[in-house]
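Heads up, the thing below is written out as structure tokens.
The values are calculated or read from the model by the stated rules, or taken from the named source; none is laboratory data. The structure displayed is predicted, hence computed values, not measured ones. In this analysis, Cβ positions are derived from the backbone assuming ideal geometry, glycine residues included, and neighbour counts consider all displayed protein chains.
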Amino acid sequence: MTPTHTRPSRAAGPRSHPREFRQRNVPRKWRYRLTPARRRPKGIPGFWDRARWLLWSAWVWGLVFVWATWHQWLGWAIGSGLMALFCRLIGQHERVPRYGLEHDFPVASTEFLTSIAGVTGVPFSPGNSLDILNNGDEFYPPMLQAIRAAQHSITIEAYIYWAGEIGLTFAKALAAQAKSGVVVKILLDAVGSATIGEEILLTLEAGGCQVAWYNPIRWYTLERFNNRTHRKSLIVDGRIGFTGGAGIADHWVGCAQDERHWRDVNVRIEGPAVIPLQYGFGCNWLETTGEMLSGDLFFPQASAPGSIPVQTILSSPQVGSSSVRTMYFLSMVSARTSIHIANPYFVPDQTSIDTLVDAKKRGVDVKILVSGRRNDNWLARHNSVRLFGRLLKYGVEIYEYNRTMLHHKTMVVDGFWATVGTTNFDSRSFAHNEENNVCFYDSGHVARMERIFAEDLALSEQVTLRRWRRRGWWPRMQELVAALLQEQV
């Protein structure tokens, strides 16, 4: 009897799928069938949003490059090729929430607190003490005091550390501690702190401080040149942390007494909530220097010097979505009585506008406080004003702080929930920068935040819909130009 010949088995390796199960693509009818029921999304882009998206799409300029090359038009080929590369480098890849933005539960509920921890991936750390520090007169002295009392380590991550008197004061204090044996590590953004000056650097070097530059612009790092660390954090002995809107520069000294001195808010934390700040510094220090931080010098055993639950949220474009944006959105959709936002660079996307308008429609008191004519960022200022219209139309109140540059980034919701941090309400902070925010719901500290907001509001000028519509042709032309770069603010 002739034996039946069979194909040898492949016992040595994984067996491929049987031919009958191989298929190049999922059938079209199944692609969306099992996804959640489609609801109307927030943030449907308008005509200008789509036009701007096309203008800054790398693939559009890539097609122009191919077309120009085919026709041997050298100038067009070079120009479109460079534009395609530039658009690829500045493009944002963050996934913005458009669904799930319903107001199902209030901010003052356990469901909100567990949800905010879940969607950001950051649990609340109990047992903290917290101090709200209003302007440079309140935050620089305790920062310097903490540095001078350091016993083991000092870490600083700063977007802005500029030449000047206060910068030199910090440098001398840091150098003195480094000489005494305290480990001092300073991570500065290579763009934001480029004007630190030689005197400060020499002082730090003489003391034995370690200084690294985050993401310096080099030809081989061009794909990341748009990613900056916008954090402003000081961590002492891994136990005491400071963060907020202010960097280290002379214009933050004082109490916002004139147009040369900025208005800002920082916080001081002591307790377990400092660990995420140190973690954020450690990640960027590792990325920059290749050195991993560990041990009691940087991560001592957590103590509980207070009773306040604090959530320290880090946001990074490396993750692909902004945890701080998610925190803002969930807080706003859960508001029942009030949303009070203070932010210098308020350039909301369409989803943010829809969310704020919906809050106003359901009876929430929505007030936005922005930096007015003293704003130091032309692009942010004109983009912000351009977007006021729909918000004002539906009754959102917008106020401009014109005494000096208002620079703090805060939000208080329903008099229950508050956040202070480094994050501007714009695409650059949400999609391009390393940021951090501190959130809390302690009644005493939230009440203090409400008082600070009310005091600033009393010194501000309200923007009315009539006044906004009557602005002249020159501001409108500037807004049109600024709109082309809205995502880069």
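Worth pointing out:
- The residue that is modelled with the lowest pLDDT, among those in the range 26-62 that are of a type in the set (Gly, Ala, Ser) and under 25 Å from the mean Cα position of the chain (by Cα), is 43.
- Test result for residue 80, modelled with pLDDT of 80 or more and touching a Cys at 6+ places or on another chain (Cβ under 8 Å): no
- Selected residue (criterion: modelled with the highest pLDDT) from residues of the range 361-372 that are crowded, with 19+ Cβ neighbours inside 10 Å and not in a strand (DSSP E or B): 364
- Listed by first and then second residue, the pairs with beta-carbon distance under 9 Å, at least 6 apart or on different chains, first residue in the range 464-475 and in a loop (DSSP other than H, G, I, E, B), second of a type in the set (Asp, Glu), are 471/479.
- Residue count for the range 40-96, restricted to those that are among the polar types (S, T, N, Q) and more than 23 Å from residue 220 (Cα to Cα): 2
- Any hit, the range 319-331, residues being touching a Ser or Thr at 6+ places or on another chain (Cβ under 7 Å), assigned to a loop (DSSP other than H, G, I, E, B), of a type outside the set (Val, Ile, Thr) and crowded, with 23+ Cβ neighbours inside 10 Å: yes
- The residues in the range 266-307 that are in a strand (DSSP E or B) and out of contact with any helix residue (DSSP H, G or I) (no Cβ under 7 Å at 6 or more places or on another chain) can be counted, and the count is 3.
- Residue check for residue 421: crowded, with 23+ Cβ neighbours inside 10 Å, closer than 23 Å to residue 125 by Cβ and not assigned by TED's automatic domain parsing to the domain that holds residue 265: yes
- Condition check for residue 242: in a helix (DSSP H, G or I), crowded, with 20+ Cβ neighbours inside 10 Å and of a type in the set (A, V, I, L, M, F, W, C): no
- Taken together, 307, 316, 303 contain a single residue that is among the hydroxyl-bearing types (Ser, Thr, Tyr), over 13 Å from residue 273 (Cβ atoms) and either within 16 Å of the chain's Cα centre (by Cα) or exposed (fewer than 15 other Cβ atoms within 10 Å of the Cβ) (or both), which is 316.
- Residues satisfying the stated conditions in the range 465-489, i.e. modelled with pLDDT of 95 or more and surrounded by 13 or more Cβ atoms within 10 Å (Cβ to Cβ): 465, 468
- Residue satisfying all of: in the range 203-237; closer than 26 Å to residue 408 by Cβ and either among the small types (Gly, Ala, Ser) or out of contact with any helix residue (DSSP H, G or I) (no Cβ under 9 Å at 6 or more places or on another chain) (or both); surrounded by the fewest Cβ atoms within 10 Å (Cβ to Cβ) among these: 233
- Residue 379 being out of contact with any strand residue (DSSP E or B) (no Cβ under 7 Å at 6 or more places or on another chain), among the aliphatic types (A, V, I, L, M) and either surrounded by 19 or more Cβ atoms within 10 Å (Cβ to Cβ) or farther than 18 Å from residue 263 by Cα (or both): yes
- Taking every residue in the range 106-121 that is in the same structural domain as residue 416 (by TED's automatic domain parsing) and aromatic (Phe, Trp, Tyr) and pairing it with any residue that is in a helix (DSSP H, G or I) and surrounded by 16 or more Cβ atoms within 10 Å (Cβ to Cβ), at least 6 positions away or on another chain, the pairs with Cβ-Cβ distances below 9 Å are 112/330; 112/331.
- Residues that are among the small types (Gly, Ala, Ser), crowded, with 23+ Cβ neighbours inside 10 Å, in a helix (DSSP H, G or I) and in the same structural domain as residue 446 (by TED's automatic domain parsing) occur at least once in the range 342-359.
- When 241, 192 are checked against the criterion of being in contact with an Asp or Glu (Cβ under 8 Å, 6 or more places away or on another chain) and of a type outside the set (Phe, Trp, Tyr), 241 stands alone in meeting it.
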